[in-house]
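What follows is one structure encoded as structure tokens, with my remarks underneath.
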């Protein structure tokens with residue numbers, strides 16, 4: 001811009017200087033001499049303006065190119081970010097589905113274990129009931145033959161009655177095992193809730209052990225009474 005201003009100044013002052021210039025004879029320079037100088041000055045100004053305009057266009061083109069590259073990079077970054085986000089969301093969704101499937105599998109497994117425990121306990125109750133009934137039948141036979149005393153028979157019957165009571169309680173707990181398991185599965189904290197299922201199963205097992213112990217005591221009493229009767233019979237003259 002400084003060069004343009006200088007050139008314009010020269011172009012404007014040149015005609016004045018030329019007009020005032022005098023020849024050696026004192027005559028002024030004619031208009032024919034002034035005109036080429038003005039044209040050359042204007043030509044220089046035009047060329048300078050063209051170069052400035054060209055430079056401006058080049059700068060604008062470079063700026064535009066940089067902007068286009070920047071936009072392209074931004075678009076790629078956005079695309080990558082979107083793709084990464086989508087992959088993360090898909091992965092999270094798959095993990096969540098796996099967790100849900102595993103939870104359902106654990107629920108099914110827990111319920112199956114509860115049912116198996118109930119069947120096992122119920123079978124144990126049945127076996128002890130059969131044993132108690134056989135002991136009762138044997139007691140009645142031996143008492144009828146006089147092998148077991150009436151007093152002993154009464155004591156044995158009390159033991160067997162206690163055994164039956166324990167078995168009745170065990171049945172109640174056995175039925176609750178599956179019920180507790182179903183409640184635990186529906187709970188928001190199934191792991192904690194399953195503790196009650198285990199506790200119920202444990203109570204049933206304890207009652208079965210108590211019932212079995214009473215039957216064993218009854219059998220021991222019958223055996224002791226029979227042995228005492230036999231010993232008494234062999235020692236009697």
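The values are calculated or read from the model by the stated rules, or taken from the named source; none is laboratory data. These numbers come from a predicted model, not from an experiment. Every residue, glycine among them, receives a Cβ derived from its backbone with ideal geometry; neighbour counts consider all protein chains shown.
Look through 224, 181, 193 and report the one residue that is part of a helix (DSSP H, G or I), exposed (fewer than 13 other Cβ atoms within 10 Å of the Cβ) and either more than 57 Å from the chain's Cα centre (by Cα) or at pLDDT below 95 (or both). Break it down into steps so the answer makes sense when it comes.
Working: 181 fails: exposed (fewer than 13 other Cβ atoms within 10 Å of the Cβ); 193 fails: exposed (fewer than 13 other Cβ atoms within 10 Å of the Cβ).
When all the criteria are applied, what remains is 224.
Name the one entry in 159, 74, 94 that is at pLDDT 90 or above, part of a helix (DSSP H, G or I) and over 30 Å from residue 195 (Cβ atoms).
Numbers: 74 fails: at pLDDT 90 or above; 94 fails: at pLDDT 90 or above.
One residue alone meets the criteria, 159.
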